[in-house]
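Values quoted throughout were computed directly from the atomic coordinates according to the rules given, and no laboratory measurement underlies them. This is a predicted model, so every value here is computed, not measured. A quick note on method: Cβ atoms are made from the backbone with ideal geometry, for glycine too, and the neighbour counts reach across all protein chains shown.
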Amino acid sequence: QKKWEQVVLETKEQEWRDTADAMSQAFSDGRSPDEIQELLSVAQEALQGGPGSIEVELAPISCFAFVRHSTADEAQGDTEDDDLSRALTEDGRVLATCSRRWFSTIVNADRQPFGVSFSSCAGRCIETAYLMGAPKPVILDGIYAGMMQQDARTAFADLGYVSLADYVKAGYGAVLRKYAERVIVEIADALAEEIRLQSGGEGSDQKATPYLGTVVVYGHSVYSSSVAMLIAQAIRLKKEHTSTIATMVHGEAEAILVTAAGAGYCNMDPSILPAQVDMQTAKTLSGAYATLRATGKLKQ
């Protein structure tokens, strides 16, 4: 137990200690550090509802839910197209459909049931989103393209389906942080555009920031965990919450939750999770519901 806690501590202190430092590095696509920090602040301020790049009285986001795709067929070849075309198995379709039970408990906004949805371009992620009843997802290129970069592929080939803390311990923390930075920029860009569109676009007289509810991101195993960790660090969640993200192996058709109140986890059978994760999830959902009540978006 002490050894495991030490790994989590190293995850936080050595690799994720200061999000601002991570954002100060220029990306390969040429964005300046100032642009990157500004884009991250859109997501950060949306969760916290404080003064920043978007002015809001109440947070337009109640929760981030990072959902891993459901059980999928094996690829029929070694090419990227072979991987992209992987469909869900029959068991995977059943699991995704049944997962609506917990998915529907996260939020219930008036305009659309589950807020805003983003996805990897992989067929297995899009199919999972459809079967879970999410809004039609906006495809974000970086969710899939980022994990197909050579360093990310090498890391996954070495370790496979293990926790974020295991990747950091093995020396791949910087690889996953690079992936997370790319994806959070795309998420923040997409959220800014969604807010602009729902506000009526350019020249609109609407002053109130629209309420987006839950932001659901359909992606891939430990890569989703890395993005959840980056957001958790950006909003300064406590160690107990970042440890939940760092040590959890992200299961199929299961979700890592991140809110201003903390981190949690949702799946079909909470009894298989450690007790402290159950507690974290309860706190997180309570925080999400509190936000919904405050914004008048909770139906029941």
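Here the simple spin-label model places points 7 Å from the Cα toward Cβ, and for A170 and C121 these points are separated by 2.7 nm.
Please give the peptides 219-229, 259-269 ranked by average Cβ packing (other Cβ atoms within 10 Å per residue), highest first, as a rough proxy for protection. All intermediate terms of the calculation are to be shown ahead of the outcome.
On the way: 219-229: 26.9, 259-269: 21.6.
Final packing ranking: 219-229, 259-269.
Averaged over residues, the count of other Cβ atoms within 10 Å places the peptides 142-155, 71-84, 238-251 in the sequence 238-251, 142-155, 71-84, highest first. From largest to smallest, the equivalent ellipsoid semi-axes obtained for the range 63-160 from the alpha-carbon gyration tensor read 26, 16, 12 Å.
When only alpha carbons of the range 124-178 are considered, Rg and Dmax amount to 13.8, 38 Å.
Scaled to the globular estimate 2.2 N^0.38 Å, the Cα spread of the range 127-250, given as radius of gyration, is 1.20.
Shown in residue order for the range 253-268 are the 3J(HN,Hα) couplings computed by the Karplus curve 6.51 cos²θ - 1.76 cosθ + 1.60 at θ = phi - 60°: 6, 10, 10, 8, 9, 9, 9, 4, 7, x, 10, x, 8, 10, 8, 6 Hz (x for Gly and Pro).
Remark: spin-label model distance R196-R100 equals 3.5 nm, labels positioned 7 Å along the Cα→Cβ axis. Find out how many positive minus negative residues lie around W102, taking Lys and Arg as positive, Asp and Glu as negative, among other residues whose Cβ is under 13 Å from that of W102. After counting each charged neighbour, the total is -1. Amide H to amide H, with H built 1.01 Å from N, T89 comes under 5 Å of A72, D73, counting only residues 5 or more places away or on other chains.
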